[in-house]
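Contents: one structure, followed by commentary.
What follows is calculated from the coordinates using simple rules that are stated; it is not laboratory data. Computed from a predicted structure; not experimentally measured. Because the Cβ atoms are built from the backbone with ideal geometry, glycine has one as well, and the counts that use them run over all protein chains shown.
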Amino acid sequence: MKKVAVLGMGIFGTALALTANRAGSQVLGWARNKDVVEDINQRHANTKYLPDLILPPSIKATSNISELFSFADIVLLCISAQATREVLQQIKPFVKPDTIIVLCAKGIEAESGKLLSEVVNEEIPHVQLVVLSGPGFAVEIAKCKMASVTIAGTKESHALQVRDALATPYFRPYTTTDIISPQIGGSVKNVIAIASGVIEGAGFGDSARAALITRGLHEMGVLSRALHGLPETMMGMSGLGDLVLTANCMQSRNFSFGYEIGVNGHAQDIIKNNTKTVEGIATAKAVIKRAHAALIEMPICETVNKVLFENFPLDLAMKELLQRPFRTEGL
């Protein structure tokens, strides 16, 4: 029986804890908030994040990080991309050589433009690293609605161990040894989803949104290839699949955030008043840093940056994209 620890018992962390439990793994979660820990251990619920669900009594929680790593073979890091480095510094003294660390956040470090796997390698070199990414809303996963994801590990055996610890008839993982494309797909799709939401909110039309999503997938692939990711991975769950989900419905925080911008005509007040984690905001800046370093063009992401941070008018943003030089399909 696998022992799975979940570091971060928010919505997604709790959903994955439930998934691991249903797959037959032993589960211990970590939360900074002691009220959440008490809620899980005593009332078998996480009312702060998933108030409508009862948790199995076999799912336990702690606020002691050392206990988490003493327990686990596999640790799922379910914290935001921008908090990843800080958390890695906290857990570094407790990581055992054979512990598998699974990155579950979707984003690129804003400060440095680095992928989270690169951040891990800086903070905890030689760690056994796996990436989990793909289309799946946490609430749906928690409620046993069908979802498929990509589990990527530079060592196939590590990806397979994580797959076996999480797989159920309604949570279907696909494995790969390409850890680059799942990170690019999981990050850049949030930026494209903001743009897709803007188009919907501004009433630019479904045809425009279809074109944007298609060219957004192209930008994801360009950056992935520049960093030696595999095209076939980008056409799977963690690339195309995640983009289809995130850029097409209001349940997506990035899409709904973009929709508000489209309705209001500008981003500044929306950003100022936003209280939810919208990874695409920070990722937009980080993606452009990485694209410039790789000497590649990502015009949609560039335009999203202008709208978010330079008060660029939406009609001019659309006009600028449409007036780019004509291209051969696929370029």
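In table form, for the structure just shown:
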| quantity | calculated |
| --- | --- |
| Choice from 247, 152, 165 with maximal GNM fluctuation in the chain (Cα, 10 Å cutoff) | 165 |
| Dimensionless Rg/Rh of the range 3-176 - Kirkwood Rh, Rg from C-alpha atoms | 0.93 |
| Chain lengthening between residue 214 and residue 296 when straightened (0.36 nm per residue, less Cα-Cα) | 27.7 nm |
| Per-residue HN-Hα couplings for the range 237-249 [Karplus 6.51, -1.76, 1.60; θ = phi - 60°; Hz; x = Gly/Pro] | 4, 7, x, 4, x, 5, 5, 4, 5, 6, 9, 9, 8 |
| Taking the C-alpha atoms of the range 180-322, convex hull volume expressed per residue in Å³ | 91 |
| Distance between the range 136-153 and the range 213-270 - C-alpha centres, whole angstrom | 18 |
| Karplus-derived 3J(HN,Hα), 6.51/-1.76/1.60, for each residue of the range 294-309, Hz, glycine and proline x | 8, 6, 10, 9, 9, x, 5, 5, 4, 5, 4, 4, 5, 5, 6, 10 |
| Long pairs among 96/276; 2/155; 92/155; 92/114, criterion Cα-Cα beyond 28 Å | 96/276 |
| Antiparallel bridges, percent of DSSP beta bridges restricted to the chain (to nearest 5) | 25 |
| Percent of alpha-carbon pairs separated by more than 25 Å within the range 1-100 | 12 |
| Theoretical ellipticity at 222 nm over the chain - DSSP helices of four or more residues, -39500 (n - 2.57) apiece, nearest 500 | -15000 deg cm²/dmol |
| The chain: angle of helix 206-226 to the longest principal axis, Cα-based, in degrees nearest 10 | 60 |
| Between helix 279-293 and the chain: long-axis angle, C-alpha atoms, 0 to 90°, nearest 10 | 70 |
| Lys/Arg +1, Asp/Glu -1 at C-beta; the chain dipole; positive extreme among 228, 8, 295 | 8 |
| Long-range tail of P(r) for the chain (Cα pairs > 27 Å, %) | 43 |
| Additional length obtainable on full extension of the chain from residue 43 to residue 111, 0.36 nm per residue less Cα span | 20.5 nm |
| Percent breakdown of C-alpha pair distances by 10 Å bin, ordered from the shortest bin, for the range 95-204 | 13, 39, 32, 12, 3, 0 |
| Length added when fully stretched, residue 122-residue 33, from 0.36 nm per residue minus Cα-Cα | 29.3 nm |
| Estimated vicinal HN-Hα couplings, Hz - the range 316-330 in sequence order (Karplus 6.51, -1.76, 1.60; Gly, Pro = x) | 6, 4, 5, 4, 4, 5, 6, 8, 5, x, 5, 10, 6, 3, x |
